[in-house]
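S.K.: Sharing a structure below in structure tokens format, with a few things to ask.
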Amino acid sequence: MSWHTPIPRPQSRVRCLLSATRHEFAVLLLAAVACLAGCPSTPADYGVAVTRDLVYGTGNVAAPEGAEGYVPSDLLMDLYTPDPRPDALLPAVVLMHGGGFTDGSKDDERIVAMARYLAQRGFAVFAITYRLDAAAPPAPSWWASFGLTSSMHAAIVDAKTAVRHVRARAADYGIDPNRIGFVGESAGAVAGVAVAVTDAADFASDGEGFPQPDTNYPEESARVQAYVHLWGGIDHVIDEVGSDDPPTMIVHGTDDDRFFTWFHASERFHSLLELYQIPHEFYQAEGFGHGAWEYTYRGKNLHSLVHEFLRDYL
């Protein structure tokens, strides 16, 4: 069994049944019944073109062995776009993998599958890498006082850098800078939720002595217009949730008891989104642990659910 807290879709997307003709009403009613029985995944409209290892910014990492301090390192992403490309500007999605800030990659099979699925349906998808534990990035002194790893702070900085880059280079990528979403899974959601709920100026740099480089487009906003939170933590920014946060979709396994990404964190997130009346969907994946990639709701798989949410809000 699965639970789902529905939200009303944007009014521009909703057909008013009261104004429909008798024939239209019958067609819509049959479609609604079919969906209750299990709607299939949205069919693909395009092929996919992939551009690999684009540089989206710079982050500081520990100097090579035998040297002291930190050195700049390129941050890379892969771009997935519809092929052939539509004439209109595309909505964009920044996609961030998990791995506990120790491993994982933009080349992970499930990340690639999600990127391709969304690109086939008209999105420009930017699957990013970010600094992991092995890079030993710096972090502000206050961050360490909470017992949190420097790589978590760096991941949030990198996630916001990616959004700023996409917005600054929107014309080059053929995307709409006012329609940028973010999808994060596990550690990627720990970083992604900070993108969604913290002030745009927060997590802009690596801390004291590390000014934000011009190549990271400090003048651009890191705000997103939709956010998808896949089995991530929220406790580190729980006090930042507020009324101006973007529409949000949460998917989390009810049996996830991993430290920091436990299911109850998403319950708290849901409660706050309700309190502040933020449009949101909360899919409680009954019986799933950490990583509900195989979750389905009324016949729709995770890819389809994510796509429909992003389609409606971007």
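The values are calculated or read from the model by the stated rules, or taken from the named source; none is laboratory data. Everything numeric in this text was worked out from a predicted model, so none of it was measured. Here the Cβ is made from the backbone with ideal geometry for all residues, glycine too, and neighbour counts use every protein chain on show.
S.K.: Among the residues of the range 33-73 satisfying the criterion of being of a type in the set (Gly, Ala, Ser) and surrounded by fewer than 12 Cβ atoms within 10 Å (Cβ to Cβ), which is modelled with the highest pLDDT? It would help to see each step written out before you state the result.
M.R.: First, pick out the residues of the range 33-73 that are of a type in the set (Gly, Ala, Ser): 34, 37-38, 41, 44, 47, 49, 57, 59, 62-63, 66-67, 69, 73.
This time we only want the ones that are surrounded by fewer than 12 Cβ atoms within 10 Å (Cβ to Cβ), so: 37-38, 66-67, 69.
Numbers: Ala37: 38, Gly38: 41, Gly66: 83, Ala67: 90, Gly69: 95.
Among them, the one singled out is Gly69.
S.K.: Taking the conditions exactly as written (aliphatic (A, V, I, L, M), crowded, with 24+ Cβ neighbours inside 10 Å and over 14 Å from the mean Cα position of the chain (by Cα)), does Val163 satisfy them or not?
M.R.: Values: aliphatic (A, V, I, L, M): yes; crowded, with 24+ Cβ neighbours inside 10 Å: yes; over 14 Å from the mean Cα position of the chain (by Cα): no.
So Val163 does not fit the description; no.
S.K.: Please state which one of Ala139, Ala155 is under 25 Å from Ala67 (Cβ atoms) and crowded, with 24+ Cβ neighbours inside 10 Å. Even if it seems obvious, please write down each step before you answer.
M.R.: Values: Ala139 fails: crowded, with 24+ Cβ neighbours inside 10 Å.
Exactly one residue qualifies, and that residue is Ala155.
S.K.: Got at least one residue in the range 213-231 being crowded, with 23+ Cβ neighbours inside 10 Å, in contact with a strand residue (DSSP E or B) (Cβ under 8 Å, 6 or more places away or on another chain), β-branched (Val, Ile, Thr) and more than 24 Å from Glu274 (Cβ to Cβ)?
M.R.: No, the range 213-231 has no match at all.
S.K.: Please tell me if Val112 is in contact with a Gly (Cβ under 8 Å, 6 or more places away or on another chain) and either under 21 Å from Gly232 (Cβ atoms) or not polar (S, T, N, Q) (or both). Break it down into steps so the answer makes sense when it comes.
M.R.: Values: in contact with a Gly (Cβ under 8 Å, 6 or more places away or on another chain): no; either under 21 Å from Gly232 (Cβ atoms) or not polar (S, T, N, Q) (or both): yes.
Judged against the criteria, Val112 is not a match.
S.K.: May I pose another question? Being on the phi < 0 side of the Ramachandran plot and acidic (Asp, Glu) is the filter here, so list the residues in the range 49-106 that pass it.
M.R.: Matches in the range 49-106: Glu65, Glu68, Asp74, Asp78, Asp83, Asp87, Asp103.
S.K.: Go through the range 146-244 and tell me which helices (runs of 4 or more DSSP H), entirely inside it, have 1 or more residues that are closer than 26 Å to Arg268 by Cβ. Walk me through it before giving the result.
M.R.: Details: elements: 150-168, 170-173, 187-197.
In the range 146-244, the matching helices (runs of 4 or more DSSP H) lie at 150-168, 187-197.
S.K.: Let me ask you something else. If you check Thr254 against the conditions, is it farther than 24 Å from Asp176 by Cβ, touching a residue at least 24 places away in the same chain (Cβ under 8 Å) and under 17 Å from the mean Cα position of the chain (by Cα)?
M.R.: On the way: farther than 24 Å from Asp176 by Cβ: yes; touching a residue at least 24 places away in the same chain (Cβ under 8 Å): yes; under 17 Å from the mean Cα position of the chain (by Cα): no.
When the stated conditions are applied, Thr254 does not pass them.
S.K.: Restricting to the range 41-80, give me the number of residues that are part of a loop (DSSP other than H, G, I, E, B) and either in contact (Cβ under 8 Å) with a residue 24 or more places away in the chain or more than 30 Å from Asn301 (Cα to Cα) (or both). Don't jump to the end; show me each part of the working.
M.R.: Pass one, the range 41-80, residues part of a loop (DSSP other than H, G, I, E, B): 41-46, 63-69.
With either in contact (Cβ under 8 Å) with a residue 24 or more places away in the chain or more than 30 Å from Asn301 (Cα to Cα) (or both) added as a condition, the list becomes 41-42, 44-46, 63-69.
Total satisfying the criteria: 12.
S.K.: If you scan the range 66-93, which residues turn out to be within 23 Å of Ser105 (Cβ to Cβ) and over 20 Å from the mean Cα position of the chain (by Cα)? Can you show your working first?
M.R.: First pass over the range 66-93, keeping only residues within 23 Å of Ser105 (Cβ to Cβ): 70-81, 92-93.
If the condition is that a residue be within 23 Å of Ser105 (Cβ to Cβ) and over 20 Å from the mean Cα position of the chain (by Cα), then Tyr70, Val71, Pro72, Ser73, Asp74 are the ones that fit.
S.K.: Another question, then. Across the range 263-285, what is the number of residues that are surrounded by fewer than 19 Cβ atoms within 10 Å (Cβ to Cβ) and in contact with a strand residue (DSSP E or B) (Cβ under 9 Å, 6 or more places away or on another chain)?
M.R.: The qualifying residues number 3.
S.K.: When the range 99-114 is examined, which residues are found to be touching a strand residue (DSSP E or B) at 6+ places or on another chain (Cβ under 7 Å) and either closer than 15 Å to Tyr56 by Cβ or surrounded by fewer than 21 Cβ atoms within 10 Å (Cβ to Cβ) (or both)? Let's see the steps before the verdict.
M.R.: The first filter runs over the range 99-114 and keeps only residues touching a strand residue (DSSP E or B) at 6+ places or on another chain (Cβ under 7 Å), leaving 106, 111, 114.
If the condition is that a residue be touching a strand residue (DSSP E or B) at 6+ places or on another chain (Cβ under 7 Å) and either closer than 15 Å to Tyr56 by Cβ or surrounded by fewer than 21 Cβ atoms within 10 Å (Cβ to Cβ) (or both), then Lys106 is the only one that fits.
S.K.: Quick check on Pro138: is it over 17 Å from the mean Cα position of the chain (by Cα), farther than 17 Å from Ser186 by Cα and not in a loop (DSSP other than H, G, I, E, B)? Talk me through it step by step, then tell me what you get.
M.R.: Working: over 17 Å from the mean Cα position of the chain (by Cα): yes; farther than 17 Å from Ser186 by Cα: yes; not in a loop (DSSP other than H, G, I, E, B): no.
Criteria not met by Pro138.
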